[in-house]
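First the structure, in the form of structure tokens, and then the observations on it.
The values are calculated or read from the model by the stated rules, or taken from the named source; none is laboratory data. No experiment lies behind these values; they were computed from the predicted model shown. Here the Cβ positions follow ideal geometry from the backbone for every residue, glycine too, while neighbour counts run over all protein chains shown.
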Amino acid sequence: MKSNIDEKLLTLALTTERALSKTEAEMLSGYPELERLRRDAAEFAAVRTGRPEVTPAVSERILALAGSQARFRRRFRTMVKYFPVAAAAMLLLGFGVFFFARQEPPRPADDNLLSLADWSRLEQESYNLSLELNSRQFAVSDSINSGDAL
Amino acid sequence: MSDNILPEESDYELIKGYLAGDSASFDRLYERHHRQLYGYLCGLSTGNQSETDDLFQLTWLRVIEQLPRYNEQGYFKAWLFKISRNLLIDRLRRNRRQMFSLELDREDAPEIETPPGREPWRELDERELGDLMDRAIKLLPPDQREVFLLRRENVTFKEIAEIQQCPLNTALARMQYALKNLRSQLGSIDHGKLR
């Protein structure tokens, strides 16, 4: 029974020794008593009832928070990177709106106005008809008013 | 062995990647260190698993918060374990528990004499030995227990000294005392029970 456990412990101790950092190995090589200390530590460290595992929900929460922080940093960096271009574009747009809004519409030239003598025949007839229509409307409304009075 | 294996990124490179907005860098950093930290907290904390989970989560939240201020001086692992240790001490102070002594420099564990030439712990099966080992570890003084647990998680002595903020020789001495006490405790086994 003893030999099985010893063999297992020795194998695990050797594995642990290989995992030590080079710096520590160099440091310990000058101290024989510490070399024994390292072997003892490896031997004891190999005996454990099983590695405890992190609850998956806890890991998920931590990684989710880190992910949201990373996304925020990415967006902030993008915003900072393109801010000068966006600011220049907004400035140009504002200047353009301001500049064109101040301009007055062009005044019509005097020679564009038509005198009565220049009206075309159709336009003259259209004017005459509308004048007659208005006068008849007045006559109708007058008769209605006089009828009410009676 | 394939020649196409890329060299592993350092912790600092992963941190820089994360601060540049790459969440996968943080995932790799977390994968690299989370088991060791959890094992350390399980061994050091004397509360139940939910309390260990809470401390573990709080440690990583603090790490995420303070990563922009992290500089390359020192090891990330030591920095991580230091944060965890400080949170544990704060919690114990708040809860006013006495099981974790705050006088971390005292070396006053009573030594039990080992019967000469006897190592009965080697005669137990692996599971019994593991159970006894866990109980014996909890009987160690806090500073020795901490050093042993950190060493069990393959933290180097240099990093342990940085975490405990003590000289390297002090960390080595604590480990030596821890092993001596463990060997004594396991040596005094009677029918599979610690005396």
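Side notes on the structure shown:
- Residue among B:Gln49, B:Gln57 that is surrounded by fewer than 16 Cβ atoms within 10 Å (Cβ to Cβ) and facing chain A (nearest Cβ under 9 Å): B:Gln49
- Set B:Leu19, B:Leu67: member being touching a Pro at 6+ places or on another chain (Cβ under 9 Å), at pLDDT 90 or above, within 22 Å of A:Arg75 (Cβ to Cβ) and at the interface with chain A (Cβ under 10 Å from one of its Cβ atoms): B:Leu19
- Across the range A:58-74, the number of residues qualifying as among the charged types (D, E, K, R), at pLDDT 90 or above and over 24 Å from B:Ser50 (Cα atoms) comes to 1.
- Here B:Glu146 clears all of (1) among the acidic types (Asp, Glu); (2) under 22 Å from B:Phe81 (Cα atoms); (3) modelled with pLDDT under 55 except the condition numbered (3).
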